[in-house]
Amino acid sequence: MSKICRFIHAEKANYAVTLLCKVMRTARSTYYAWVAGRQAREARRQADEALAHEITVIHLASRRNYGVPRVTAELRRQGRLVNRKRVERVMREHGIAGHSRRTGRRGLTKADTRAAPSPDLIGRDFTATRPGTKIVGDITYIQYR
């Protein structure tokens, strides 16, 4: 909708707002509500830029480790009341991401390095002439969270 309102705003010097709204099939009240909200949107954008600067300072002080929860907690510790979802959105828009310490997967069992591998009884040929002549299986580990 904002694209339509921007177009109407750009062309209102050449045509009447009533005509433009009729051609674009939008209500005049929608356009005027968009115009009335311009200052609020600009103020919110500036506040987001200021918040992004604060988030960047905290993120760099943590050696680029802190993610959304810790950055939010640090902002609140500093006295800045801010919503976690807003911090998440601003960090995403500015490409700021935390670093996870969990780098690899851990299984429940350790492989026996001294054990001999299982023999390949079918020679990696999985084609069968009729059903039930070659039956193979696999044990797959499914991680539960």
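The values are calculated or read from the model by the stated rules, or taken from the named source; none is laboratory data. Everything numeric in this text was worked out from a predicted model, so none of it was measured. Here the Cβ positions follow ideal geometry from the backbone for every residue, glycine too, while neighbour counts run over all protein chains shown. For accessibility, only protein heavy atoms count, side chains too; no ligands or nucleic acids. Shrake-Rupley method; radii C 1.70, N 1.55, O 1.52, S 1.80 Å.
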Within the set of pairs 6 or more residues apart or between chains, which connect a residue that is under 13 Å from His94 (Cα atoms) inside the stretch 50-67 to a residue that is β-branched (Val, Ile, Thr) and in a helix (DSSP H, G or I) with Cβ atoms less than 7 Å apart?
Leu51/Val90; Ala52/Val90; Ile55/Val71; Ile55/Val87; Ile55/Val90; His59/Val71
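Taking only the stretch 1-30 into account, find how many residues are open to solvent by less than 80 Å² (accessible area, probe 1.4 Å), over 30 Å from Val87 (Cα atoms) and either assigned to a helix (DSSP H, G or I) or touching a Lys or Arg at 6+ places or on another chain (Cβ under 6 Å) (or both). Step through it out loud before you land on a result.
Taking the stretch 1-30 first, the residues open to solvent by less than 80 Å² (accessible area, probe 1.4 Å) are 2, 4-5, 8-11, 16-18, 20-21, 24, 26-27, 30.
Cutting the leftovers down to over 30 Å from Val87 (Cα atoms) gives us 8-11, 16-18, 20-21, 24, 26-27.
Next cut, either assigned to a helix (DSSP H, G or I) or touching a Lys or Arg at 6+ places or on another chain (Cβ under 6 Å) (or both) only: 8-11, 17-18, 20-21.
Looking only at that region, the number is 8.
Could you list, in sequence order, the residues of the stretch 74-95 that are open to solvent by 100 Å² or more (accessible area, probe 1.4 Å) and closer than 14 Å to Asp48 by Cα? Let's see the steps before the verdict.
Pass one, the stretch 74-95, residues open to solvent by 100 Å² or more (accessible area, probe 1.4 Å): 76-78, 81, 84-85, 92-93.
Of everything in the stretch 74-95, those that are open to solvent by 100 Å² or more (accessible area, probe 1.4 Å) and closer than 14 Å to Asp48 by Cα turn out to be Leu81, Arg84, Lys85, Arg92, Glu93.
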Every listed condition ((1) touching a Ser or Thr at 6+ places or on another chain (Cβ under 9 Å); (2) surrounded by 13 or more Cβ atoms within 10 Å (Cβ to Cβ)) holds for Val35 save (1)
Restricting the stretch 58-72 to residues that are surrounded by 13 or more Cβ atoms within 10 Å (Cβ to Cβ) and part of a helix (DSSP H, G or I), the one farthest from the chain's Cα centre (by Cα) turns out to be Ile58
May I ask you to list pairs of residues, at least six apart or on different chains, whose Cβ atoms are under 7 Å apart, with the first in the stretch 1-25 being at negative phi and the second being among the aliphatic types (A, V, I, L, M) and open to solvent by 90 Å² or more (accessible area, probe 1.4 Å)?
none
